[in-house]
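Scroll down for the structure; my scribbles are underneath it.
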Amino acid sequence: MINLFLPALAAAAAPAPPSLWSLVSTSKPLSMAVLLLLVAASCYSWAIIFSKWTRLRKARDENGKFLRAFRKASGFEAISAACQQFPSAPLVTVYDYGYTEVDRQVRSRKQLQNRTAVERSLQIGAGEELARLETNMSWLATIAAITPFIGLFGTVWGIIDAFQALTGAGAASLRAVGPGIAEALIATAMGLFAAIPAAIFYNYFGFVIRDLGARMEDFGLEFMNLIERVYEA
C-alpha cells in the first residue's frame, strides 16, 4: 500500500521546472548579450517590414490610379495635375524625368529631336525609384542570414558552460545539466524567430519591387508613344 504512494510523493517532492523567464533572467553576461542582440535585430526587422509594407502598398495603389489618369489625359497639363494627386506613385518619378527632358528640348529647339535622350531619362528615373524602393532591403537579407548563426553561437557557448559546470560534480545527470542546455537553446529559438520573418518578407518585397520595376519599364514605352503622338503627329 505504501508503495502506491511513493511515485506521488516523489513527484510532489521534485522541484518545479524553471520557467522561460527565469532561464533568461539568470543567463550569463555573454548569453544575455546574444539574446539582446537578437531581440534588437528582430525589432529592427519588424520596423523595416511594417514601413516597407506601407510604402509598397501605397506605391502600388497610387501607381494604378496615376496610370489610369495618364491614359485618359488629353495632354501634359492634365497629366501634371495627376502627378500632384499621386506623389507616392513610382510612375510619377519616371514621368517627371521623361517630361523634364522633353520640355528642355522643346524649349531650346522648338521641337523634339533626340528621342534617345528621353529614353535615357526615363531609365534614370526608373533606376532612382527602384533604388528608393529597395532601401533597407539589404538589412532584411542580413538579418535573415546571420541571426541563426548568432543564435547557434549562443547555444554552443551555453552548452559548453553547462558541461564545464559539471566538472566539479561527482556525476553528471540530466537534472544537473538540463537547465543549462535549456538556457542555451533559447538563443537558437530567438535566432530563428528573428530570421524567419525577415527571410519571408525579403522574398515577398523583392517580388513586389520587381513587379513595380517591370511596370515602370512598360510605362516608359507608353510615355514614348505619347510624345510621338503630341510632337511628331
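Brief remarks follow.
- Taking the centroid of alpha carbons for each part, region 186-207 and region 93-140 are 35 Å apart.
- Spacing of the two label points (7 Å from each Cα toward its C-beta) at T142 and C43, in nm: 1.8
Where a number appears in this text, it was derived from the coordinates with a stated rule and is not lab data. Only a predicted model underlies this, so the values are computations on that prediction, with no experimental measurement involved. Every residue, glycine among them, receives a Cβ derived from its backbone with ideal geometry; neighbour counts consider all protein chains shown.
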